[in-house]
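Some notes on the structure that comes next.
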Amino acid sequence: MKLRKVSLLLLIIFILSGCAVEDKQVSFYNQKQIDRSSKVTLAYLPAESYQLSIAAIGDLLIHGRVYDAARIADGFDFMPMVNEVKDYLTNVDIATANQETMIGGEAFGLSTYPQFNSPHEVGDMVKELGIDIVTLANNHTLDRGEQVIYSALDYWDKLGVLYTGSYRDQDDRDHIRVIERNNIAVSFLGYSYGTNGIPVPTGKDYLINLIDQEQIAKDIAKAKEISDVVVMHLHFGDEYIRMPNMFQQELVQYVVDQGVDIVFGHHPHVL
């Protein structure tokens, strides 16, 4: 970890299930204390200072009426729905999103609640909004099976948008995503409470990061070794309930104690 002060500006925007903006200033200090004499005179090395702004949006949960409204002659155009928040996302250093539906594309048949598959053009919208990384770990990750997941991951790769929380294989899962801006390295992790009862295929736990405290602790330790700031997406809580439940509070405290700097929570669809 570098000897520096990192200032983070967090901007959180909720779209499709509401819209709000919140600003926070968070400071992280890492200063080395030196004992230079028997009189216990303390001196502090000057800390280099870097600043970074992060924006987060979600939940991007694409119901049928949403993609029907975006339909155009040769596909879909979702940008008119989100143009008003674009400036908030393109004017920050890093933008992240909870992409709650897989963008498997029309080849697999589009579908809505309760098992979603969304158009590739949702990814085009996310890219145009300036999103750098999406989290894909949520209760709808396995809705339409492995092939839809692989198709979605292929499209994110084509767009140059990083993803976390769902992966192609174990090697892909073991590769923690890190974005560096302004001399600050930021790692991203994402986990979900469950899959709506859909079983994870045997031997393919990499398809979705489920909340497992032991595994989470290992991931955090690895992320801390390769980054200055650790950001975690947690898909958990009770839908439409505005206050965090005890499980959420205890889990967030646990991951913070392990070294996570920022937690973005989603799933309830309310502020």
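The values are calculated or read from the model by the stated rules, or taken from the named source; none is laboratory data. Note that the coordinates shown come from a computational prediction; the quantities given were computed from them, not determined experimentally. As a convention, Cβ positions derive from the backbone with ideal geometry for all residues, glycine included, and neighbour counts pool all protein chains shown.
Return the pairs, sorted by first residue and then second, in which the second residue is among the polar types (S, T, N, Q) and part of a strand (DSSP E or B), the first residue lies in segment 185-205 and is closer than 22 Å to LEU251 by Cβ, the beta carbons are less than 8 Å apart, and the residues are 6+ apart or on different chains.
PHE188/THR96; PHE188/THR135; PHE188/THR164; LEU189/THR164; GLY190/THR135; GLY190/THR164
Only one of VAL66, VAL82, VAL92 is surrounded by fewer than 23 Cβ atoms within 10 Å (Cβ to Cβ), at pLDDT 95 or above and assigned to a loop (DSSP other than H, G, I, E, B); which?
Working: VAL66 fails: assigned to a loop (DSSP other than H, G, I, E, B); VAL82 fails: assigned to a loop (DSSP other than H, G, I, E, B).
Unique residue meeting the criteria: VAL92.
What is the one condition in (1) crowded, with 18+ Cβ neighbours inside 10 Å; (2) out of contact with any Leu (no Cβ under 8 Å at 6 or more places or on another chain) that ILE220 does not satisfy?
(2)
In this structure, is GLY190 at pLDDT 95 or above and surrounded by fewer than 20 Cβ atoms within 10 Å (Cβ to Cβ)? Spell out how you get there, then give the answer.
Values: at pLDDT 95 or above: yes; surrounded by fewer than 20 Cβ atoms within 10 Å (Cβ to Cβ): no.
No.
If you scan segment 141-161, which residues turn out to be under 15 Å from the mean Cα position of the chain (by Cα) and in contact (Cβ under 8 Å) with a residue 40 or more places away in the chain?
If the condition is that a residue be under 15 Å from the mean Cα position of the chain (by Cα) and in contact (Cβ under 8 Å) with a residue 40 or more places away in the chain, then THR141, TRP156 are the ones that fit.
Yes or no, residue by residue, for (1) small (Gly, Ala, Ser); (2) touching a Phe, Trp or Tyr at 6+ places or on another chain (Cβ under 6 Å):
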{"site": "SER111", "(1), (2)": "yes, no"}
{"site": "PHE116", "(1), (2)": "no, no"}
{"site": "GLU121", "(1), (2)": "no, yes"}
{"site": "GLY130", "(1), (2)": "yes, no"}
{"site": "VAL134", "(1), (2)": "no, yes"}
{"site": "ILE176", "(1), (2)": "no, no"}
{"site": "LEU189", "(1), (2)": "no, no"}
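Where residues in segment 223-271 are of a type in the set (Phe, Trp, Tyr) and not in a helix (DSSP H, G or I), which of them is surrounded by the fewest Cβ atoms within 10 Å (Cβ to Cβ)? Quick ask: steps written out before the conclusion?
Residues of segment 223-271 of a type in the set (Phe, Trp, Tyr): 236, 240, 247, 254, 264.
From the residues that got through so far, the ones that are not in a helix (DSSP H, G or I) too are 236, 240, 264.
On the way: PHE236: 22, TYR240: 9, PHE264: 21.
By that ranking, first place goes to TYR240.
Can you give me the number of residues within segment 148-176 that are touching a helix residue (DSSP H, G or I) at 6+ places or on another chain (Cβ under 7 Å) and assigned to a helix (DSSP H, G or I)?
First pass over segment 148-176, keeping only residues touching a helix residue (DSSP H, G or I) at 6+ places or on another chain (Cβ under 7 Å): 148-149, 151, 155-156, 159, 161, 163, 166-170, 172-173, 176.
Okay, now just the ones that are also assigned to a helix (DSSP H, G or I), so 148-149, 151, 155-156, 159, 170, 172-173.
Residues flagged as touching a helix residue (DSSP H, G or I) at 6+ places or on another chain (Cβ under 7 Å) and assigned to a helix (DSSP H, G or I) within segment 148-176 amount to 9.
Looking only at segment 47-63, filter to residues that are of a type in the set (A, V, I, L, M) and assigned to a strand (DSSP E or B); which one of those is farthest from VAL122 (Cα to Cα)? Lay out the reasoning, then the answer.
Initial filter on segment 47-63 (of a type in the set (A, V, I, L, M)): 47, 52, 54-57, 60-62.
From what's left, assigned to a strand (DSSP E or B): 52, 54-57, 60.
Details: LEU52: 27, ILE54: 21, ALA55: 19, ALA56: 16, ILE57: 14, LEU60: 9 Å.
Looking at residues that are of a type in the set (A, V, I, L, M) and assigned to a strand (DSSP E or B), I get LEU52.
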